[in-house]
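Q: Got a structure for you, questions after.
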Amino acid sequence: MTSSTNQFIKPVTTKINSKGNLDIGGCDLVELASGYGTPLYVIDEETLRSICKDYKKAFANYPKTRMMYASKALCTSAVTRILDEEGFGFDTVSAGEIYTVYKSGVNMQHVLFNGSNKTFEELSMALSLDVGRISVDNFYELELLNGAAAAKDKIAHILLRITPGIECHTHEYIQTGHLDSKFGFDLTQIDTAVELIQTKYKNIQLHGLHAHIGSQIFETGIYPDEIEILAREIKRLDEKFNLKLDEINIGGGLGVKYTEKDVPPSTYDIGELIINKLNEVIEKYQIDAPTVFLEPGRSIISTSGVTLYTVGSSKQVPFGTKYVALDGGMADNPRPSMYQAEYVADVANKKEVTLKEKVTLAGRYCESGDILIKNIELPVLDSGDIICVYNTGAYNYSMASNYNRVQKPAMVLVNNGDAHIIVERENLDDLISHDVIPDRLKK
Ligand SMILES: *Cc1c(COP(=O)(O)O)cnc(C)c1O
């Protein structure tokens, strides 16, 4: 069994350097914190490229694989450039993500547009920019998209997002493939959708089916189950409608290792399982080998990201918890308060401290639920210490807010001893830049 980068908690370049400080991508984290301020998102390029290679190698035996990075995990222009260089396409879910990848110079044929409630404006934009595929989620959207395409005298190239009725054991809020889900066409609605496309929606061309089961998945069996259903439907639609579909999109969802408790599968095991299953259904249903889209988000970007914080105040509750407050929290990482997500952290600047204690790392935001890590054993902390929280690349910056009117952090890309700002820290003027005061209230 070959291991892959999503199976590690820390970036592959993590080490203790000659100064005794934590070091990632050849950069001293204490120096990054003092140079760029905290909270600071750090992305390790080597880890990011390493997981890309894991995926590509794992699927090398099925040349019709199309890797599409799910941008919603972390969408910035520099990260987009790296994934484009690695040969990935992009799964996007909004005008903002489409715009970001477009401005980053991505071939728009390598872009897919997903989402359960796309607007007419977003669909029109996707058509104008020649986005390769649109995954249509529901009947309302079929009608909307056909109208948008007709207005431009274009053909919209689509997949149908379906809900295959597979449950996976992940957090309730990140399951999407079970029957009572807000996403996609129910299996019983596919035929009506196909009939409408064949008879009424002249500006739509259907290429295949799409499903996405959930996120932070550790069970490998769901992918073969999903392929079985998608292939069976393709065969059935061919027999019933004489419809040749040659694309299936099996979504994303592969898990990562936030803490020791998490045991995500390797991309190599998943790859082998998926390819074997594809070959099996191609044989069983006598269908042409389909082009297979994968849309991993979390497993691509999570491990390469860490967040640096500075320790501020602390509070020892008599005979209770010791709270240590950091200068960030739920606005830069909403996952602990949203999903009870757990993380691992280290002190970046403590070298040979042997005295340890159990503390709770609390955020700075005005909510009792703003706790980043409960009961973690760390060297005794002083204010000014730098904390490094691991595995924050996915769904941290992309879910960040300005709660408490706090500026969003900066992001740096580290590689081989070089550090580059890839997202600038917001300043106070950024925070008020969209505010408008009506004349009658002006001073
Ligand atoms: C969120 C999402 C993904 C990516 O999921 P990850 O768990 O981050 O890999 C892929 N496809 C669709 C349709 C999604 O909604």
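No value in this document is a laboratory result; all are computed from the given coordinates. Only a predicted model underlies this, so the values are computations on that prediction, with no experimental measurement involved. Note that each Cβ is placed from the backbone with ideal geometry, even for glycine, and that neighbours are counted across all protein chains shown.
Q: Under a straight-distance cross-link criterion of Cα-Cα below 16 Å, which aspartates and glutamates are reachable from residue 443, leaving out those fewer than 8 residues away in the same chain?
A: Correct list for residue 443: 435.
Q: Another one. Karplus couplings for segment 372-382 from phi (6.51 cos²θ - 1.76 cosθ + 1.60, θ = phi - 60°), rounded to Hz, Gly and Pro as x?
A: For segment 372-382, the Karplus curve yields 7, 9, 8, 6, 10, 8, 9, x, 3, 9, 10 Hz.
Q: Here is a follow-up. Name the residues whose placed amide hydrogens come within less than 5 Å of the amide hydrogen of residue 329, ignoring near sequence neighbours (fewer than 5 apart) on the same chain.
A: Placed amide hydrogens put 364 under 5 Å from residue 329.
Q: Highest mean first, what order results for 128-141, 257-270 on Cβ atoms within 10 Å? It would help to have the intermediate numbers written out before the result.
A: Numbers: 128-141: 19.9, 257-270: 17.5.
The most tightly packed comes first, giving 128-141, 257-270.
Q: Looking at this model, which pairs from 154/202; 322/374; 57/235 are more than 19 angstrom apart at the alpha-carbon? Could you put the intermediate results ahead of the total?
A: Numbers: 154/202 10 Å; 322/374 10 Å; 57/235 29 Å.
Listed pairs above 19 Å: 57/235.
Q: In addition: Can you work out ³J(HN,Hα) from phi for every residue in segment 39-46, in order, using Karplus 6.51 cos²θ - 1.76 cosθ + 1.60 and θ = phi - 60°, giving whole Hz and x for Gly and Pro?
A: With the stated coefficients, segment 39-46 comes to x, 9, 7, 10, 10, 8, 4, 5 Hz.
Q: Rounded to the nearest 5, what is the percent of antiparallel bridges among the DSSP beta bridges in segment 45-301?
A: 5 percent
Q: So, one more: Please get the size of the charge dipole for segment 374-441, origin at its Cα centre, with Cβ charges of +1 on Lys and Arg and -1 on Asp and Glu, quoted in debye to the nearest 20. Kindly include the intermediate steps, with their values, before the conclusion.
A: Details: 5 positive and 10 negative charges, 50 e Å.
Here the size comes out at about 240 debye.
Q: Looking at 67, 35, 79, which one has the Cα that reaches farthest to the positive end of the dipole of segment 29-94 (charges on Cβ: Lys, Arg +1; Asp, Glu -1)?
A: 67
Q: While we're here: Mind listing the Cα extents of the chain along all three principal axes, in Å, largest one first?
A: Taking the Cα atoms of the chain, the three principal extents are 71, 68, 42 Å.
Q: Sorted by average packing, counted as other Cβ atoms within 10 angstrom per residue and highest first, what order do 422-431, 297-306 take?
A: Working: 422-431: 13.4, 297-306: 29.1.
Those peptides, ordered most packed to least, come out 297-306, 422-431.
Q: In this model, which of 257/356; 261/408; 15/72; 72/284; 257/277 are farther than 32 Å apart at the alpha-carbon? Could you put the intermediate results ahead of the total?
A: Working: 257/356 24 Å; 261/408 30 Å; 15/72 29 Å; 72/284 35 Å; 257/277 26 Å.
Cα-Cα > 32 Å for 72/284; rest within.
Q: Related question: Sum up the charges of everything whose Cβ sits under 15 Å from the Cβ of residue 255, counting Lys and Arg as +1 and Asp and Glu as -1, but leave residue 255 out. Don't jump to the answer; show the numbers that get you there.
A: On the way: positive: 257, 261, 298, 335; negative: 54, 219, 260, 262, 269, 295, 342.
Within the 15 Å Cβ shell, the charges total -3.
Q: Amide H to amide H, which residues 5 or more places from residue 111 or on other chains are under 5 Å from it, using H placed in the peptide plane?
A: Answer set, sorted by chain and number: 90, 132, 133.
Q: Return the sequence-ordered ³J(HN,Hα) values of segment 281-295 in whole Hz as given by the Karplus equation 6.51 cos²θ - 1.76 cosθ + 1.60 applied to θ = phi - 60°, using x for Gly and Pro.
A: Computed from phi, the couplings for segment 281-295 are 6, 4, 5, 4, 9, 6, 10, 5, 4, x, 6, 10, 8, 10, 10 Hz.
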